[in-house]
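Working notes for the structure below.
The values are calculated or read from the model by the stated rules, or taken from the named source; none is laboratory data. Keep in mind the model is a prediction, meaning the values are calculated, not measured. As a convention, Cβ positions derive from the backbone with ideal geometry for all residues, glycine included, and neighbour counts pool all protein chains shown.
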Amino acid sequence: MNINATLLGQSIAFAFFVWFCMKYVWPPLSAALAERQKRIADGLEAADRASKDLEDAKEKVAEELKAAKTQAASIIDQANKRASQIVEEAKEQGREEGQRMVAGAQAEIEQEVNRAKEQLRAQVAGIAISGAEKILEASVDEAAHARLTESLAESL
Amino acid sequence: MAEAAGAEHTQTQGEYIQHHLEFLTFGKDAEGHWHFAHGDEAAEMGFWAFHVDMLGWSIGLGLIFILLFRSVAKNATSGVPGGLQNFVEWVYEFVETNVRDTFHGNSALIAPLALTIFVWVLLMNTMDLVPVDWLPWLAQTISGDPEIAFRVVPTTDPNVTLGMSISIFLLIIFYSIKIKGPGGFFKELAFQPFGPKLMPFNLLIEVPTLLAKPVSLGLRLYGNLYAGELVFLLIALFGAFQLPAHFLWAAFHLLVVPLQAFIFMMLTIVYLSQACEHH
């Protein structure tokens, strides 16, 4: 074991390698790792934020759904009401129409009856006159008896 | 190893181990000439000699580390990382966690320092798992010199481990003075643990404690890896029976290699953290 200038050589080499490592190896490695750490932290934060956003969105969806359901229910309710109203109205209209038709028919019938009465009366008057003519077998003053027969027919 | 046994049939077992523990030395001899040397000639060169093999492997592995990590760092994406970036980030986070848990000061140096130490020492220790004769044999074949000494595990050279630990020691001194001021640093050495009146005793305790840090740091790593390599060399002498033994020791070393790199890094962080803390 003899100590010699190898020691100096080794020391110089050692100093050089440490200097080189300090200058050109450590800083870039350190920077790369720090940057990766930051990126990972950012990524995790973004993931947290996204999951929170998702939670919020879910809540909002539930709210909207609830509102929509309420709205739909009220619309259906309204529609039902309106439908029953329409039905009521239609019923009312139908009844009125029916009544009107019945009234019209009755009026017509009355008219027919009256007309038939009128005809009948006229015919009866004629028959009565000709019957009376036949009974009397004499010519009677038609004009004098017309009033008589007419009042007779009217009393029928 | 069969090929080595062929090349070194004239060696005794002692010589085999001796040869494997010799460095490829390039230094200045007594007359002031610079040349490669081995054996006693290398030992006589004194301080002005370099272990070329150790420095080569150490710097080569260090270059592999910084180039690999630089290529990843340059193209590092904050998106989904690829396979290599994943691995580098895993190492980065391992080191960063340890630094953050232990070092409470604020310094741009500590973390890259710890990363460099951990990966570099780990790579150097890992060379211990390469069978002991392969790379020396390659060196002998390429150089054409059958006697060439060539070691491959830089952390089995105390020069390498102490070179690092002394650099860390200088950082400890630097941070101690920077954070606490020269007076504060001196007070920490002189006024503890017995109070200002017993200053000589305090210094007698604290100064060796301080000096023991780089020595223990460097020698721990060196001792563990040197012992490991020595056992690999002894196993290589078993001849035909070496394979199971080699496998067992390598499996055990699979634990020692990263553990020693980790300990070296952790102690560095702890020492520097102590240097930066007020008491």
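Quick notes on this structure:
- Count of region B:76-112 residues which are small (Gly, Ala, Ser) and either outside any loop (DSSP other than H, G, I, E, B) or surrounded by 15 or more Cβ atoms within 10 Å (Cβ to Cβ) (or both): 5
- B:SER165 being under 23 Å from B:ALA108 (Cβ atoms), under 16 Å from the mean Cα position of the chain (by Cα) and either surrounded by 19 or more Cβ atoms within 10 Å (Cβ to Cβ) or away from chain A (no Cβ under 14 Å) (or both): yes
- Given (1) part of a helix (DSSP H, G or I); (2) surrounded by fewer than 17 Cβ atoms within 10 Å (Cβ to Cβ), number of the condition B:GLU147 does not satisfy: (1)
- Consider region B:66-75 and keep the residues that are within 25 Å of the chain's Cα centre (by Cα) and more than 7 Å from every other protein chain (Cβ to nearest Cβ). The one that is surrounded by the most Cβ atoms within 10 Å (Cβ to Cβ) is B:VAL72.
- Qualifying positions in region B:187-200 - assigned to a helix (DSSP H, G or I), surrounded by 13 or more Cβ atoms within 10 Å (Cβ to Cβ) and either out of contact with any Leu (no Cβ under 7 Å at 6 or more places or on another chain) or of a type in the set (Gly, Ala, Ser) (or both): B:LYS187, B:GLU188, B:ALA190, B:LEU198, B:MET199
- The residues listed here are B:LEU138, B:LEU115; of these, the one that is out of contact with any Lys or Arg (no Cβ under 6 Å at 6 or more places or on another chain), more than 10 Å from every other protein chain (Cβ to nearest Cβ), assigned to a helix (DSSP H, G or I) and not β-branched (Val, Ile, Thr) is B:LEU138.
- Against the conditions (1) under 18 Å from B:ASP128 (Cα atoms); (2) modelled with pLDDT under 85; (3) at the interface with chain A (Cβ under 9 Å from one of its Cβ atoms), B:MET1 satisfies every one except (3).
- In the set (1) modelled with pLDDT of 90 or more; (2) over 18 Å from the mean Cα position of the chain (by Cα), B:PRO214 fails one condition alone, (2).
Residue-by-condition table, conditions (1) more than 14 Å from chain B (Cβ to nearest Cβ); (2) out of contact with any Phe, Trp or Tyr (no Cβ under 8 Å at 6 or more places or on another chain); (3) loosely packed, with under 10 Cβ neighbours inside 10 Å:
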residue	(1), (2), (3)
A:ILE3	no, no, no
A:PHE16	no, yes, no
A:MET22	no, yes, no
A:ALA32	no, yes, no
A:LYS52	yes, yes, no
A:VAL61	yes, yes, no
A:THR70	yes, yes, no
A:GLN78	yes, yes, no
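- Considering region B:42-65, the residues that are more than 9 Å from chain A (Cβ to nearest Cβ) and under 18 Å from B:PRO154 (Cα atoms) include one that is modelled with the lowest pLDDT, namely B:ASP53.
- Taking every residue in region B:137-158 that is more than 15 Å from B:PHE264 (Cβ to Cβ) and touching a residue at least 40 places away in the same chain (Cβ under 8 Å) and pairing it with any residue that is of a type in the set (Gly, Ala, Ser) and assigned to a helix (DSSP H, G or I), at least 6 positions away or on another chain, the pairs with Cβ-Cβ distances below 7 Å are B:TRP137/B:ALA4; B:TRP137/B:ALA7; B:GLN140/B:ALA7; B:PRO146/B:ALA7; B:ILE148/B:ALA139; B:PHE150/B:ALA139.
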